[in-house]
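Notes follow the structure.
The values are calculated or read from the model by the stated rules, or taken from the named source; none is laboratory data. Just so we're clear, the structure is a prediction, and the values are computed from it rather than from any experiment. Positions of Cβ are generated from backbone atoms using ideal geometry, with glycine treated the same way; all protein chains shown enter the neighbour counts. Areas reflect the complete protein model, heavy atoms only, side chains present, ligands, DNA and RNA absent. Shrake-Rupley method; radii C 1.70, N 1.55, O 1.52, S 1.80 Å.
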Amino acid sequence: METHVTILKSRLDEANLEKLLAVPNEHVHRFIADAIELCNPSSVFVVTDDPDDINRVRRMAIETGEEAVLATEGHTIHYDGLHDQARDKARTRYLVPEGETLGKNLRQIERKKGLAEVKGFLKNSMNGKEMAIRFFCLGPINSIFSIPCIQLTDSYYVAHSEDILYRSGYEYFKSIGNKNDFFRFLHSASRLDRFVSVDIKWRRVYIDYIDDTVYITNTQYAGNTVGFKKLALRLAIRKANREGWLAEHMFIMKVLGPEGRRSYFTGAFPSGCGKTSTSMVKGETIIGDDLAYLRHHKGEVYAANVESGIFGIIRSVNSDDDPVIWNVLNRPGEVIFSNVLIANGTPYWIGDGREVPEEGINYSGNWFKGKTDKKGNEIRHSHKNARYTIKLSELDNLDPKADDPEGVPLHGIIYGGRDPDTWVPVQQSFNWAHGALTMGACLESESTAATLGAEGIRTYQPFANLDFISIPLGRYIQNHLDFVKGLKKVPKIFSVNYFLRDKEGNYLNGKQAKRVWLKWMELRVHEEVGALTTPTGYIPKYDDLKRLFKSVLNQDYKKEDYEQQFEIEVTELLAKIRRIRKKYRASVPDAPDILYRLLNAQKYRLLAARAQFGDSIRPSLFEDED
Ligand code: SPV
Ligand code: MN
């Protein structure tokens with residue numbers, strides 16, 4: 001008899017053993033047996049798709065103390081402590097075989113050394129705890145998008161979050177036979193104090209792409225620990241690159257056109273830059289808010305949501321701007337709140353539009369107004385990166401095709417970041433390569449609280465995916481360029497910028513303007529509205545926006561606002577090209593030549609425009625597109 005089955009027999013009780021052995025896959029058995037030997041849990045619970053098993057996961061999250069029940073039925077709160085509040089980029093590394101490299105942009109460690117280190121931390125880490133075994137499917141089940149995966153974890157908060165966020169895949173695993181092509185995640189929160197990982201300095205997220213396995217320890221923050229989110233994305237990007245498709249940090253939504261026409265868009269924005277709020281705007285429907293797989297189907301590009309839930313930033317969610325989410329967060333139903341303030345069983349967060357209670361409990365323990373940390377810095381009542389975890393099925397604006405195994409046909413792709421001074425609010429690229437390279441590959445954004453480190457620093461964020469790109473960046477870009485070769489229909493590419501500011505730092509657009517930009521893009525993908533040709537792309541004409549502002553928002557859009565918002569700032573745009581080019585020259589040796597050619601062409605168009613019109617060019621000076 002194989003040794004791994006012997007190990008399973010000695011460590012699982014009869015009921016759990018039966019559930020596990022019903023998955024006829026020796027690779028699954030081996031992965032789990034090895035992990036049990038390493039982490040040494042006191043018990044093992046195999047979670048199937050059965051509601052009884054899933055209910056037990058919910059109960060255990062409360063029994064272990066990782067979640068606490070709130071006043072509203074189905075609501076729970078989880079805290080990550082003072083120091084485990086965001087993705088830890090510095091301690092997330094690829095395990096790279098000796099002699100290989102993934103280039104300067106990616107953090108890496110020699111594979112054998114990294115495996116020894118992280119397995120050292122994982123050794124006996126589940127002593128006295130239970131290991132939960134979870135099977136899921138990324139993308140709709142039984143579709144061209146499906147990727148089976150397994151997570152082993154000693155955190156019932158993590159296991160519970162996964163239930164809300166992903167499609168349960170135990171039966172699916174049973175159907176794939178002895179396939180070895182699945183992603184594996186092994187997580188231990190390790191030593192806890194008041195249910196929070198304490199040995200933060202030993203926090204590790206190590207990605208072994210040779211075995212499609214990720215090892216995670218000494219952290220509980222979902223962005224580090226829910227393997228199917230950004231860790232699976234890293235593995236999926238490698239798989240996509242091998243197989244000729246795209247794995248992206250993108251929402252998917254439907255925008256309604258005239259006479260009920262349905263147009264589907266994806267949008268890539270760095271964390272905390274309006275991705276979720278765009279996918280949720282009033283009047284349209286959502287398919288996903290964070291991760292998309294894009295594949296060829298019927299000679300076109302089709303997109304599917306990797307997930308089935310939202311792990312969303314709660315800051316600034318209020319009843320006026322986000323009525324759909326607000327309702328879900330304020331009525332009975334399954335919601336995990338994390339790192340908000342709880343007072344009298346009710347959650348409060350920054351920007352919720354309510355008065356902040358005098359005291360309560362938050363991620364720092366007992367909280368009161370004016371509380372400071374050891375360094376004397378104020379501890380706000382709710383963390384800036386506090387989150388809510390909900391199922392998409394809770395939303396009133398969920399698109400009927402959200403779970404369609406075929407995905408949805410993609411009409412447009414949008415790139416956006418926190419950009420104070422370069423990009424106009426919306427523009428369309430001249431073609432796929434121009435969009436992928438001058439918008440996707442040139443995306444810059446000010447840093448946010450979604451990752452550890454300083455906020456507000458302008459960083460280069462190609463495709464809003466840099467944190468997760470797991471192959472040399474030049475290859476990733478080339479894969480993008482090659483992706484549409486030979487297709488009958490190619491999606492149009494746009495950029496948006498919600499964060500444009502004037503010299504005094506005031507935002508130039510209201511929060512609702514994005515609804516107008518979406519409608520304009522919808523008309524553009526069907527070639528039903530004209531545009532002006534600027535050096536950086538096609539921009540809307542004033543009259544079209546005026547009409548759309550009226551019909552969508554019932555607002556009178558002023559010509560002077562248009563002139564200011566869509567001004568082409570040549571000096572800033574040239575500086576951006578110089579910044580980006582320097583970055584690519586310094587750290588992306590395999591960047592395709594066409595990137596530099598297109599950036600150069602853009603530079604010369606900007607210089608020619610400056611020679612003719614000066615440095616800040618009002619949009620109406622540009623001509624109609626050909
Ligand atoms: C993001 O930060 O981009 C998120 C949340 O979507 S997580 O990646 O899980 O931290
Ligand atoms: Mn994200």
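Roughly how many Å² is the accessible area per residue of the chain, as a whole number, for a 1.4 Å probe?
On the way: 24010 Å² over 626 residues.
Per residue, the chain has 38 Å² of solvent-accessible surface.
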Of segment 234-271, those with amide N under 20 Å from the point 7 Å along the Cα→Cβ vector of residue 179 are 234-248
For a test of the definition: using alpha carbon positions, the gyration tensor, and the 1.5 limit on a/c, classify segment 1-106 as rounded, prolate or oblate. oblate
For residue 375 and residue 210, what does the FRET efficiency come to when R0 = 41 Å and r is the distance between their Cβ atoms, rounded to the nearest 0.05? 0.50
Arrange the peptides 43-49, 337-343 so that the one whose residues have, on average, the most other Cβ atoms within 10 Å appears first. 337-343, 43-49
Simple spin-label model, 7 Å along Cα-to-Cβ: residue 90 to residue 330 in nm? 4.0 nm
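Let me check against my output: what whole-number percent is the relative contact order of the chain, with C-alpha pairs under 8 Å and at least 6 apart? Intermediate values should be presented prior to the final figure.
On the way: 1328 pairs, mean separation 82.0, N = 626.
Reported as a whole number, the value is 13 percent.
Say the cut-off is 25 Å between C-alpha atoms; which of 514/582; 104/375; 519/558; 282/401; 113/582; 201/384 go over it?
Details: 514/582 32 Å; 104/375 34 Å; 519/558 18 Å; 282/401 18 Å; 113/582 33 Å; 201/384 22 Å.
With Cα atoms farther than 25 Å apart: 514/582; 104/375; 113/582.
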On the accessible surface of segment 51-175, probed at 1.4 Å with all protein chains in place, carbon and sulfur together account for a percent value of 50 percent
With +1 on each Lys and Arg Cβ and -1 on each Asp and Glu Cβ, and nothing else charged, work out how big the dipole of the chain is about its Cα centre, in Debye to the nearest 20. 1800 debye
One finds the C-alpha centres of segment 373-426 and segment 149-186 to be spaced, in Å, by 24 Å
Could you go through segment 532-548 in sequence order and give the Karplus-derived ³J(HN,Hα) for each residue, using 6.51 cos²θ - 1.76 cosθ + 1.60 with θ = phi - 60°, rounded to whole Hz, and x for Gly and Pro? 9, 8, 10, x, 9, x, 8, 10, x, 8, 4, 4, 5, 5, 4, 5, 5
Spin-label pair residue 590/residue 73, simplified geometry with 7 Å Cα→Cβ offset, distance in nm: 5.5 nm
Selection from 382, 364, 348 lying farthest towards where the dipole of segment 311-393 points positive, charges on Cβ: 364
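Please report, largest first and rounded to whole Å, the three semi-axes of the ellipsoid equivalent to the chain, where each semi-axis is the square root of five times an eigenvalue of the C-alpha gyration tensor.
Details: eigenvalues 338, 153, 110 Å².
Here the semi-axes work out to 41, 28, 23 Å.
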Roll a 1.4 Å probe over the protein heavy atoms and report the accessible area of residue 517 in Å², nearest 10. 0 Å²
To check you understand DSSP bridge types, tell me what percent of the beta bridges within the chain (both residues inside) are antiparallel, rounded to 5. 65 percent
Going by average Cβ neighbours within 10 Å, how do the peptides 403-410, 582-589 rank, with the highest at the top? 403-410, 582-589
What percentage of the solvent-accessible surface of segment 210-266, computed with a 1.4 Å probe over protein heavy atoms, is contributed by carbon and sulfur atoms? 42 percent
Quantify, in whole percent, the carbon and sulfur part of the accessible surface of segment 311-393 (1.4 Å probe; protein heavy atoms only). 44 percent
Which of the three applies to segment 186-330, rounded, prolate or oblate, going by the alpha-carbon gyration tensor with a ≥ b ≥ c and a/c under 1.5 meaning rounded? oblate
Just the accessible area for residue 557, please: 1.4 Å probe, Å², rounded to the nearest 10? 10 Å²
So, over other residues within a Cβ distance under 9 Å of residue 252, counting Lys, Arg +1 and Asp, Glu -1, the net charge is -1
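Can you tell me the FRET efficiency between residue 528 and residue 9 if r is taken as the Cβ-Cβ distance and R0 is 51 Å, rounded to the nearest 0.05?
Working: r = 65 Å, r/R0 = 1.28.
In this case the efficiency is close to 0.20.
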Report relative contact order for segment 311-393 in percent, whole number only (criteria: Cα-Cα under 8 Å, sequence separation at least 6). 40 percent
Going by the alpha-carbon gyration tensor, a ≥ b ≥ c the square roots of its eigenvalues, is segment 311-393 rounded (a/c under 1.5) or, if a/c is not under 1.5, prolate (a/b greater than b/c) versus oblate? prolate
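For residue 597 and residue 243, what does the FRET efficiency come to when R0 = 22 Å and r is the distance between their Cβ atoms, rounded to the nearest 0.05?
With a Förster radius of 22 Å, E is 0.20.
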Once the dipole of the chain is set up from charges on Cβ (+1 Lys and Arg, -1 Asp and Glu), the residue from the list 594, 140, 186 lying farthest towards its positive end is 594
Which distance in nm do the two modelled labels at residue 547 and residue 320 give, with both placed 7 Å along the Cα-to-Cβ direction? 3.0 nm
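In segment 17-171, what percentage of the DSSP-assigned beta bridges are antiparallel, given to the nearest 5? List each step's numbers first, then the result.
Numbers: 11 of 19 bridges.
Just about 60 percent of them are antiparallel.
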Cut-off 14 Å (backbone N to label point 7 Å along Cα→Cβ of residue 488), residues of segment 292-320: 296-302
